1. Among (i) 1.46; (ii) 1.16; (iii) 1.72, find the value of Cα Rg over 2.2 N^0.38 Å that was calculated from the structure presented, and write down its label.
2. How far apart, in nm, are two points set 7 Å out from the Cα along the Cα-to-Cβ line at residue 28 and at residue 57?
3. Any chance you could run the full-extension gain for residue 38 through residue 4? It's 0.36 nm times the residue separation minus the Cα-Cα distance, nm to one decimal.
4. Taking only DSSP H segments of four or more residues, each worth -39500 (n - 2.57), what value at 222 nm results for the chain once the sum is divided by all its residues, to the nearest 500 deg cm²/dmol?
5. Per-residue counts of other Cβ atoms within 10 Å, averaged by peptide: what ranking do you get for 45-51, 9-15, highest first?
6. Does anyone have the angle between helix 17-27 and the longest principal axis of the chain? Alpha-carbon axes, 0 to 90°, nearest 10?
Amino acid sequence: MPSELIHVRGHIIDSLILPKILDEIMDLGGSFDIEELAIGKRKTDPSTARLRVSAASRRDLDGIL
């Protein structure tokens, strides 16, 4: 199963960006593993996530990415 590691950084929790990313991956038939998640401690601190995104084929994975 093809996979790729992606990194997201910013206000991904309070702006609901991370849940939207995860929903989109699943809606497009992919799967994910959250390998690392660091949540900012203050409103001004960014959060970061490292995700392993997988799909049944390279073409499907390219469509997700």
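1. Identified label for the calculated read-out: (ii).
2. 1.5 nm
3. Net length gain for the segment: 10.3 nm.
4. One gets -8000 deg cm²/dmol as the mean residue ellipticity at 222 nm.
5. Per-residue mean Cβ counts within 10 Å order the peptides as 45-51, 9-15.
6. It works out to around 10 degrees.
Laboratory data are not the source of any read-out in this text; all were calculated from the coordinates shown. Since the structure is predicted, the reported quantities are computational estimates derived from the model, not experimental observations. Reconstructed Cβ throughout: ideal geometry from the backbone, glycine too, with neighbour counts over all protein chains shown.
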